[in-house]
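The values are calculated or read from the model by the stated rules, or taken from the named source; none is laboratory data. These numbers come from a predicted model, not from an experiment. Please note: Cβ atoms are built from the backbone with ideal geometry, for glycine as well, and neighbour counts cover all protein chains shown. The protein model used for the area step is the full one, side chains on, heavy atoms only, and it has no ligands, DNA or RNA in it. Shrake-Rupley method; radii C 1.70, N 1.55, O 1.52, S 1.80 Å.
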Amino acid sequence: MAMSVQQRVRQRRETLRAAGLRPIQIWVPDTRQPGFADECRRQAQIVAAADDADHDLDSFLDAALIDLDPADLDPEAKA
């Protein structure tokens, strides 16, 4: 007899737990809500203004790039 959906789900969850995983629940913004895009735009503008005001940011980012493998920066190198 075939397993019910409930039995398959239970077995899958037991397998995942045996592999050292645990289930979690997260809440994320509902992108379908009215005003979501406007709020994203508002927050992006705040971040952009903060970036423009931070004159040390470019130096910091340039220094961070030194730590990267140049091949990771060139998308053509992986092709």
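Numbers at a glance
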read-out: Selection status of residue 75, touching a helix residue (DSSP H, G or I) at 6+ places or on another chain (Cβ under 9 Å) and open to solvent by 90 Å² or more (accessible area, probe 1.4 Å); value: no
read-out: Residue satisfying all of: in region 52-69; open to solvent by 80 Å² or more (accessible area, probe 1.4 Å) and charged (D, E, K, R); modelled with the lowest pLDDT among these; value: 69
read-out: Scope region 22-50; condition open to solvent by less than 80 Å² (accessible area, probe 1.4 Å) and more than 30 Å from residue 10 (Cα to Cα); matching residues; value: 35, 36, 37, 39, 40, 44, 48, 49, 50
read-out: Condition met for residue 13 (part of a helix (DSSP H, G or I) and open to solvent by 90 Å² or more (accessible area, probe 1.4 Å)); value: yes
